[in-house]
Amino acid sequence: MWRAALAEKTQPAGTNLAIEAIDQNLWYGSFQALHEVNLAVERGIVTAMIGPSGCGKSTFLRSCNRINERLGYVRTTGTIHVLGFDVYSKDASAIQVRRQIGMVFQRPNPLPLSIRDNVLFASRLHRERRVTRADEAVMVESALREVLLWDRVKDRLDQKATLLSLEEQQKLCIARLLPTKPTLLLMDEPCSALDPEATSAIEDLIWSLRGNYTILIVTHNMAQARRASDECVFMLLGRVIEHARTDVMFVTPARQETADYIEGRFG
Amino acid sequence: MTLRHTDTLATKQTAPVDQRDRAWWLDFTAKTVVFFGGISAIIFIVSIFLFIATQGLDFAVHRLNWADFFTSPIWRPTSSPPQYGALALICGTASISLLAMLIAVPFSLGAAIYIGEFASGKKREWLKILIELLAAIPSVVWGVIGLHVIGPALVNIFHIDIGLCLLNAGIILGLMAAPIMTTIAEDALRAVPDTYREAAEALGATRWQVVWRVVLPHARPGLSAAVLLGIGRAFGETIAVLMASGHAIVMPTSVFDSVRALTATVAAELGETAQGDDHYQALFVLGVLLFGITFVINLTADRIIRGSRRQAT
């Protein structure tokens, strides 16, 4: 049934989908981490990926912007269309793919630069026309305002970003994605290094970005998936087991494995 | 099982706590040996400095004209009256080292960036091994290369009379200093956390942008230290410089002038002196000067490295 639902979703194709993976296989050396993953992620909503450690959810996330390829021993077959482009086609460049997609990591990883330079980093990488200081100031302010960090850091934009608290760092890591106006944000357990208060602040932030951005978020935290997502993908041993609306999945999971995982019988 | 356990507990004697068994003695011996190994470095450096300093002390305090020493380019210790002007020697050493760095810095930083940031797997391992081998080439071999390969090559290319000159010594010394600088610079690059690279790449940076905007700025202290240690190496090198530089006491005005280095002067002249005479003592003053310079350079490099570590944590 879930396959049918997915097929229905995949059929209209194109415009409505942010990510569409078709028969994605991935190997780390000789270990196969993804098996025939077919997944369609709708635009403008928050989709959570859940599953036990090693189930391939992070691997899938990291395949979408090909950041996986930093490891030399990764091999893939199948395709992923992101925003309508086949990111694994021969002509696609990983660099250009990554410029369309923002990514937030498990541990906040601001660059060892000032807060301002962190926010402007991506936009400075590939600007075609001259940008004035005033433009940059606007960019910095609006990005930091969007992540609710502006009031806390506006007086110390030249301070090193690595001196901020973890929560502020993670917000900054989200803020620095915004100036280049990506439409898709990939988040790899963005709250796992944070305390509960900071977690809820980041969750609120993610929820507020919903609509303007498509968000795919990997999480270990079932409660978080339940609170802060529209749709949920359950993965197990490199396969997608179930993909449904979050409220449906958590109340009436279609598959036994999903039910077992959600109820904490393994994981 | 449990029964026997309680059984032994009840009957077991308390182990003695004041016994000096084999492990204790081994530990004691090892600690002592390692302690002397550790402080031997301090003992050696202090006694070497004292030896050099005292050998030249009498002459330096009573008979050496310090103003001449630093301002006169005329070094004629065997003429009468002898003249001890070290300026040409200082300029010789400084100019050779400067030229060596102009050659070595781009080479070694380029190599370090390639090995650390672009090469991968086997290629990287091989390059590292080869560069370490390069560092192991004896300096006299470099001297022979300067004498018989680079010298004639310079004569052919630039149509100069003598191939043994500042340029020759600079090239040789640059090549000699490059491997150690590469190794240290590569360590500095590798000390940059990979999460920074990942973050920058996820933002769409090319490899070069990652290197230029993130890795190099963060590794700058370590890279400066690499350059400083290279300079220290260049200042201290003797035999290769002696063979390649032409060993003529000249204030260098072009890269094709023959020059003489402080180290080479000591090496060439010390054997001809009578122990304890003024010439002998003057050479030890040169030694103190060299010692001081390299000491300051190494200390600065060390401070930079430590400073950057503290900043990183």
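Only the coordinates and a few stated rules stand behind these numbers; no lab work does. This is a predicted model, so every value here is computed, not measured. With ideal geometry, Cβ positions are generated from the backbone for all residues, glycine too; neighbour counts draw on all protein chains shown.
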**Request:** Name the most mobile residue of B:THR14, B:THR32, B:THR54, meaning the one with the largest mean-square fluctuation, in a Gaussian network model of chain B with Cα contacts below 10 Å.
**Result:** B:THR14
**Request:** Answer rounded, prolate or oblate for the range A:104-256, using the Cα gyration tensor with square roots of eigenvalues a ≥ b ≥ c: rounded when a/c is under 1.5, else prolate when a/b is larger than b/c, else oblate.
**Result:** prolate
**Prompt:** Using unit Cβ charges (K, R positive; D, E negative) and no other charged atoms, how large, in debye to the nearest 20, is the dipole of the range B:75-312 about its Cα centre?
**Reply:** 840
**In nm, spacing of pseudo-spin labels at A:GLU36 and A:LYS154 (7 Å Cα→C-beta vector)** = 5.6
**Asked** Treating the beta-carbon of each Lys and Arg as +1 and of each Asp and Glu as -1, no other charges, what is the dipole magnitude of the range B:237-313 about its Cα centre, to the nearest 20 debye?
**Response** 720
**Asked** Which links in A:LYS57/A:LYS90; A:LYS160/A:LYS181; A:LYS57/B:LYS123; A:LYS160/B:LYS122 stretch past 27 Å when you go from one Cα to the other?
**Response** A:LYS57/B:LYS123; A:LYS160/B:LYS122
**Message:** Along the Cα→Cβ direction, 7 angstrom out, place labels at B:ALA41 and A:SER89. What is the inter-label distance in nm?
**Reply:** 5.9
**Request:** Evaluate peptide B:202-215: per residue, the Cβ atoms of other protein chains within 10 Å of its Cβ; return the mean as an integer.
**Result:** 6
**Message:** Using +1 at the C-beta of Lys and Arg and -1 at the C-beta of Asp and Glu, which of B:ALA104, B:MET251, A:PRO112 has the Cα lying farthest in the positive direction of the dipole of the protein assembly as shown?
**Reply:** A:PRO112
**Prompt:** If we count other beta carbons within 10 Å of each Cβ, what is the order of A:CYS55, A:CYS173, fewest first?
**Reply:** A:CYS55, A:CYS173
**Request:** Take the Cα atoms of the protein assembly as shown, build their convex hull, and give its volume per residue in Å³.
**Result:** 279
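With +1 assigned to the C-beta of every Lys and Arg and -1 to the C-beta of every Asp and Glu, and no other charges, what is the dipole magnitude of the protein assembly as shown about the Cα centre in debye, to the nearest 20?
With only Lys, Arg, Asp and Glu charged at Cβ, the dipole is about 600 debye.
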**Asked** For the range A:217-224, in order, what is each residue's ³J(HN,Hα) by Karplus, 6.51 cos²θ - 1.76 cosθ + 1.60 with θ = phi - 60°, in whole Hz (x at glycine and Pro)?
**Response** 10, 8, 8, 8, 9, 4, 4, 5
**Complete:** Ranked from fewest to most other Cβ atoms within 10 Å of their own Cβ, B:MET176, A:MET139 fall in the order A:MET139, B:MET176
**Complete:** With Cα springs under 10 Å, the Gaussian network model of chain B assigns the largest mean-square fluctuation among B:SER95, B:SER40, B:SER108 to B:SER40
**Message:** Starting from 0.36 nm per residue, how many nanometres of slack lie between B:ILE48 and B:TRP212 once their C-alpha separation is accounted for?
**Reply:** 54.7 nm
**Request:** Nearest 5 is fine: what % of DSSP beta bridges in the protein assembly as shown come out antiparallel, could you say?
**Result:** 60
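Work out which helices of chain B, taken as complete DSSP H runs, extend at least 24 Å along their axis over the Cα atoms and score a mean Kyte-Doolittle of 0.5 or more, then list them.
B:22-62, B:87-113, B:166-190, B:216-236, B:278-312
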**Asked** In the protein assembly as shown, with Lys and Arg counted as +1 and Asp and Glu as -1 at Cβ, which of these residues, B:ALA15, A:GLY44, A:ALA137, has the Cα nearest the positive end of the dipole, that is, farthest along it?
**Response** A:GLY44
